[in-house]
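Here's the structure we're looking at; comments come further down.
Readers should treat all values here as calculations from the given coordinates under stated rules, not as data from a laboratory. Here the structure is a predicted model, which is why all the values come from computation and not from measurement. Every residue, glycine among them, receives a Cβ derived from its backbone with ideal geometry; neighbour counts consider all protein chains shown.
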Amino acid sequence: MKICIACGMPMKTSQDFATGDEKKDYCIHCARTDGTMQSYNEKLESMTGFIVKTQGLDVNVAQSAAKGMLSKLPAWRD
């Protein structure tokens, strides 16, 4: 099982991979409609929104949490 390099989601089936391509290192949630990987800013915005929606946190707190999570993932390491 692969883990998405951009968000950390486990990718168990082909439907979890961007465009269903199991050779890709990122998931369907981290892909743009054309199949390319989202930018850091796009991923930060979507992850922040997800945290606000699912955990009810203030947007600034959620963004800080998202930045912390993203900083640990291969796609966003400096």
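Just a few scattered comments:
- Candidate set: region 21-45, residues that are assigned to a loop (DSSP other than H, G, I, E, B) and in contact with a strand residue (DSSP E or B) (Cβ under 6 Å, 6 or more places away or on another chain); chosen: the one surrounded by the most Cβ atoms within 10 Å (Cβ to Cβ): Y26
- Within region 1-38, the set of residues being among the small types (G, A, S) and closer than 18 Å to K72 by Cβ comprises A6, G8.
- Among (1) within 18 Å of I3 (Cα to Cα); (2) among the hydroxyl-bearing types (S, T, Y); (3) surrounded by 17 or more Cβ atoms within 10 Å (Cβ to Cβ), the one test that T48 misses: (1)
- Region 52-72, residues that are in a loop (DSSP other than H, G, I, E, B) and out of contact with any Lys or Arg (no Cβ under 9 Å at 6 or more places or on another chain): G56, L57, D58, K72
- Number of positions in region 1-20 that are surrounded by fewer than 17 Cβ atoms within 10 Å (Cβ to Cβ) and assigned to a helix (DSSP H, G or I): 4
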